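The values are calculated or read from the model by the stated rules, or taken from the named source; none is laboratory data. All of these numbers come straight from a predicted model, not from anything done at the bench. As a convention, Cβ positions derive from the backbone with ideal geometry for all residues, glycine included, and neighbour counts pool all protein chains shown. All accessible areas refer to the heavy atoms of the entire protein, side chains included, with ligands and DNA or RNA removed. Shrake-Rupley method; radii C 1.70, N 1.55, O 1.52, S 1.80 Å.
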Amino acid sequence: MVDMSNVKLRIENIVASVDLFTQLNLEKVIEICPNSKYNPEEFPGIICRFEEPKVALLIFSSGKLVVTGAKSVEDIERAVNKLIQMLKKIGAKFGRAPQIDIQNMVFSGDIGMEFNLDAVALSLPNCEYEPEQFPGVIYRVKEPRAVILLFSSGKIVCSGAKSEHDAWEAVRKLLRELEKYGLIEEEEEW
Amino acid sequence: RLRKWQSRLRVSDAAERNLAFALSELDRIASQLKLPRHVEEEAARLYREAVRKGLIRGRSIESVIAACVYAACRLLKVPRTLDEIADISRVDKKEIGRSFRFIARNLNLTPKKLFVKPTDYVNKFADELGLSEKVRRRAVAILDEAYEKGLTSGKSPAGLVAAALYIAGLLEDEKRTQREVAEVARVTEVTVRNRYKELVEKLNLKIPV
DNA sequence: AGTTTACTTTGTAAAGC
DNA sequence: GCTTTAAAAAGTAAACT
């Protein structure tokens, strides 16, 4: 049994794709977005930042959006509704509710134990560790699909998960592997 | 029928041209880095296998060749930093690093096979700094103790070796400046200082003033 | 010698080159 | 593949004081 009682996970960032089901005239949209940037030559969407909720939105002429930087799904819904209210003022019509899909959730966390990453890299199958390029071990979990960065402090970053439950499952699988290869109980035996 | 034959000829022509280009690039890098022949041969073998497995798709031949050179050095324990290879390659360090990680994943080059002992870097850097055997042994002892105390995980091996040589030089009265060790290890003086500070503190080393 | 800012890694969608 | 956006981990780099 894997002991997860000392493991902590905290949401850092949520990325969602949104479909407003309305075509948008970006030239008109920039005028009502205070802190926005639009250079079609370098990127096809408007880059807009909200302070409350604190998110960044990428707005495309197709009426599709990408919302990033949110700490909760509710923040994304609030940001989308806020944008819709703003767009209504320039005459945009909304015939149906927006479709919101969570694409990626990033968590930071702590396993509550330190690791000898050389030992981890030697025994843990399918992991990458190149301390000259990046200080963490990169471990890819197939199901649920996610990637975990493990640092010697025991702190982790989990990205690619589509829900908090998936992130916990991915971490659980990493811990099972670490335990299976005898990398968990170490404390003194470096 | 004839068309198909011609297109096959064309394909093998392109493949041969690419291989010839790749091997000439390998030759250029190997001679500039003064790599032993067996390392160059291993890099060529890795490259052919990468081509056979279709790992070049979406990557430049030059970045894959540079990655194969780096991988061959690691496999055969011939210390060369990624920076040294990037210096003479047309592609940047970031791209070579990506290609290296990609071929390592797909050619089953595990961290175990790629692991190079800090000792090997000690000798390479010490050669360039003209340091004695005594200093080298002292540096290795420092690195071993640092490893035992868990001070090396996640840190740049080159930075650790540079600091260990810097300290060993001070202890054995064969001082090299931070700038000198940083230069051969291809790290900055700030990194040497940071590693130096931590090693001296946590290993309770007494540095003569 | 030491600080600040910036970049390395991971994942993800959007439209277009 | 690339372009842009967000955020964390811990290490290193670049630019300064």
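Okay, here's what the table says:
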quantity	calculated
Virtual spin-label span in nm between A:Arg172 and A:Lys93, 7 Å along Cα→Cβ	4.9 nm
Environment charge at A:Arg176 (Cβ cut-off 15 Å; Lys +1, Arg +1, Asp -1, Glu -1)	-1
Accessible area per residue, Å², region A:1-147 with all protein chains present, probe 1.4 Å	53 Å²
Percent accessible area from carbon and sulfur atoms, chain A, protein chains only, probe 1.4 Å	50 percent
Inter-chain shielding of B:146-153 (mean C-beta neighbours from other protein chains, 10 Å cut-off)	5
Rounded to the nearest 10 Å², the accessible area of B:Lys149 at probe 1.4 Å	110 Å²
Charge dipole (debye, nearest 20) of the protein assembly as shown; +1 at Cβ of Lys and Arg, -1 at Cβ of Asp and Glu	1700 debye
Farthest toward positive dipole pole in region B:53-209 [+1 Lys/Arg, -1 Asp/Glu at C-beta], among B:Leu109, B:Ala163, B:Ile88	B:Leu109
Stretch in chain A that is longest and holds no GluC sites (Glu not before Pro) that DSSP places in a loop and that have at most 14 other beta carbons within 10 Å	A:43-184
Highest-fluctuation residue, A:Asp118, A:Asp110, A:Asp75 considered, GNM on chain A with Cα pairs under 10 Å	A:Asp118
Tilt relative to chain B, helix B:2-32 - C-alpha long axis, 0 to 90 degrees, to 10	20 degrees
Chain B: angle of helix B:157-171 to the longest principal axis, Cα-based, in degrees nearest 10	30 degrees
Heavy-atom SASA rank of A:Leu175, B:Leu76 (probe 1.4 Å, accessible area, largest first)	B:Leu76, A:Leu175
Summed buried accessible surface, chains B and A, 1.4 Å probe, nearest 100 Å²	1600 Å²
Net charge, A:Gly109 excluded, C-beta distance under 9 Å - Lys, Arg +1, Asp, Glu -1	+2
Check: chain B dipole with +1 on Lys, Arg Cβ and -1 on Asp, Glu Cβ, in debye	1280 debye
Degrees between helix A:164-180 axis and first principal axis of chain A (Cα, 0 to 90, nearest 10)	20 degrees
Percent RCO, i.e. relative contact order, over chain B, from Cα pairs under 8 Å lying at least 6 residues apart	14 percent
Loop-located trypsin sites (Lys or Arg not before Pro) in region A:1-97 whose Cβ has at most 14 other Cβ within 10 Å (DSSP)	A:Lys89, A:Lys93, A:Arg96
Sequence-distant lysines (8 or more away, or on other chains) whose Cα lies within less than 29 Å of B:Lys206	B:Lys117, B:Lys124, B:Lys134, B:Lys149, B:Lys155, B:Lys175, B:Lys197
Residue mean of other protein chain beta carbons inside 10 Å, A:126-136	5
Probe 1.4 Å, all protein chains present, accessible-area order of B:His38, A:His165, largest first	A:His165, B:His38
Length-normalised contact order of chain A in % [C-alpha pairs under 8 Å, at least 6 apart]	22 percent
Size of charge dipole - region A:94-156 - debye, nearest 20, with Cβ of Lys, Arg +1 and Asp, Glu -1, no other charges	400 debye
Farthest positive-ward along region B:1-129 dipole, Cα basis, beta-carbon charges - from B:Pro79, B:Phe125, B:Ile65	B:Ile65
Exposure rank, largest accessible area first [A:Asp3, A:Asp101; 1.4 Å]	A:Asp3, A:Asp101
Accessible surface of region B:1-150, 1.4 Å probe, proportion on carbon and sulfur as whole %	50 percent
Farthest toward positive dipole pole in the protein assembly as shown [+1 Lys/Arg, -1 Asp/Glu at C-beta], among B:Leu205, B:Ala185, A:Asn13	A:Asn13
Most fluctuating residue given options A:Asn104, A:Asn116, A:Asn13, as computed from a GNM of chain A linking Cα atoms under 10 Å	A:Asn116
